[in-house]
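Participant: Got a structure here, written out as structure tokens. Questions coming.
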Amino acid sequence: MASRTSAFALLLILCAVSATARVQTGFLDRTVSISGRSYRYQVYIPADFRSKKSWPVMLFLHGAGERGSDGLLQTDVGLPHAIRQNASRFPFVVVIPQCNQDKTWGEPEMRAQALAALDASISEFHGDRNHIYLTGLSMGGFGTWEIAAANPGRFAALVPICSGVRPLKDWPELKVKVSDASKAADPYAEVARRIGHTPVWMFHGDADQSVPVEESRHMAEALKAANAEFKYTEYPGVNHNSWDKAYAEPELVPWLLAHKLPR
């Protein structure tokens with residue numbers, strides 16, 4: 001009888017431990033190694049996360065002002081900020097890498113560390129490879145085109161915000177570099193060709209003084225000419241920060257989740 005009681009008590013303890021050993025949620029610190037170099041990033045895990053479920057995954061690319069190596073600065077702008085404001089709207093595992101200072105997302109090592117962070121998060125947090133999305137703002141919007149063009153068919157949908165393709169007047173290094181797309185006769189058509197049939201929803205403010213709104217207008221024309229599936233939202237009177245309005249769009253998350261990759 002005593003042995004049965006002990007066994008029952010042990011079972012209760014094991015059940016209690018199992019119940020409390022849930023995956024940590026919120027914004028978590030992680031690192032990934034590329035060619036012997038370590039890069040810090042964060043990954044957001046929804047509060048209702050359960051490992052038995054496959055989760056849609058979003059890769060977010062920040063802008064120039066959040067570059068560094070602390071792994072933190074990029075977590076309170078754009079999509080991460082929107083999550084902090086209303087987490088229940090975003091049922092995604094969100095991967096948030098950080099671009100090094102004086103680099104852009106178009107450089108091979110920065111693309112590699114972002115994609116490595118994405119792959120690591122998909123593996124660790126049971127990501128659904130049919131529901132992987134890519135979004136970015138400003139420099140990260142350029143990076144969204146860059147990574148999508150270099151990896152056609154990898155993402156179920158794209159959300160580039162205040163983005164561009166051609167070099168900026170005050171920042172000639174910032175451009176879509178994949179196979180010299182910026183040197184093509186029509187770089188917008190080249191990027192549209194490379195991303196193929198990946199659905200896109202673009203956002204831009206028409207008063208943007210950092211990235212000219214013409215960049216998104218030209219890209220919209222190229223996508224239309226390519227018979228691509230796309231949406232373009234232009235905010236009247238909005239300067240460079242069009243991302244707060246974009247990530248607050250009530251139809252954005254349903255639009256994303258309605259798209260998936262073929263199995």
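We did not get these values from a lab; they are worked out from the coordinates using the rules stated. Quick caveat, the model's predicted, so the values are computed rather than measured. Glycine gets a Cβ as well: all are built from the backbone with ideal geometry, and neighbour counts include every protein chain shown.
Participant: Hey, rough spin-label estimate for Ala225 and Asp70, points 7 angstrom out along Cα→Cβ, what's it come to in nanometres?
Facilitator: Going by the 7 Å Cα→Cβ label model, 4.4 nm.
Participant: Just from the alpha-carbon atoms, what are the Rg and Dmax of region 103-247 in angstroms?
Facilitator: Final numbers for Rg and Dmax: 14.5, 42 Å.
Participant: From the Cα trace of region 150-211, what convex hull volume per residue do you get, rounded to a whole Å³?
Facilitator: Output value, Cα hull per residue: 91 Å³.
Participant: Please figure out what share of the DSSP beta bridges in region 24-257 is antiparallel and state it in percent, rounded to the nearest 5.
Facilitator: 40
Participant: For the chain, what is Rg from Cα atoms divided by 2.2 N^0.38 Å, rounded to two decimals?
Facilitator: In units of the globular-protein estimate, the chain measures up at 1.12.
Participant: Could you please report the charge total around Ala149, scoring K, R as +1 and D, E as -1 over all other residues with beta-carbon less than 10 angstrom from its beta-carbon?
Facilitator: It works out to a net charge of +1.
Participant: Along Cα→Cβ, 7 Å out, is where each label goes; now give me the distance between the ones at Ser33 and Arg263 in nm to one decimal.
Facilitator: 3.6
Participant: May I ask you to list the residues of region 227-263 whose amide nitrogen lies under 17 Å from a point 7 Å from Cα along the Cα→beta-carbon direction of Trp171?
Facilitator: 239-244, by backbone N distance to the label point.
Participant: Between their Cα atoms, which of Lys231/Lys260; Lys53/Lys175; Lys52/Lys231 are more than 27 Å away from each other?
Facilitator: Check vs 27 Å cut-off fails for Lys53/Lys175; Lys52/Lys231.
Participant: For Asp48 and Glu251 in the same chain, what is the full-extension length gain: residue separation times 0.36 nm, less their Cα-Cα distance, in nm?
Facilitator: So the chain would gain 70.9 nm between Asp48 and Glu251.
Participant: Report for region 134-239 the percent antiparallel among DSSP-assigned beta bridges with both residues inside it, nearest 5.
Facilitator: So the antiparallel bridges amount to about 10 percent of the total.
Participant: Now for a separate question. Find how much the distance from Asp119 to Ser88 grows on full extension, using 0.36 nm per residue of separation minus their present alpha carbon separation; answer in nm with one decimal.
Facilitator: Taking 0.36 nm per residue and subtracting the Cα distance, the gain is 8.8 nm.
Participant: Suppose every Lys and Arg Cβ carries +1 and every Asp and Glu Cβ carries -1, with no other charges. What dipole size does the chain come out with about its Cα centre, to the nearest 20 debye?
Facilitator: 1060
Participant: Which of Tyr41, Tyr133, Tyr235 moves most in a GNM of the chain, Cα contacts under 10 Å?
Facilitator: Tyr235
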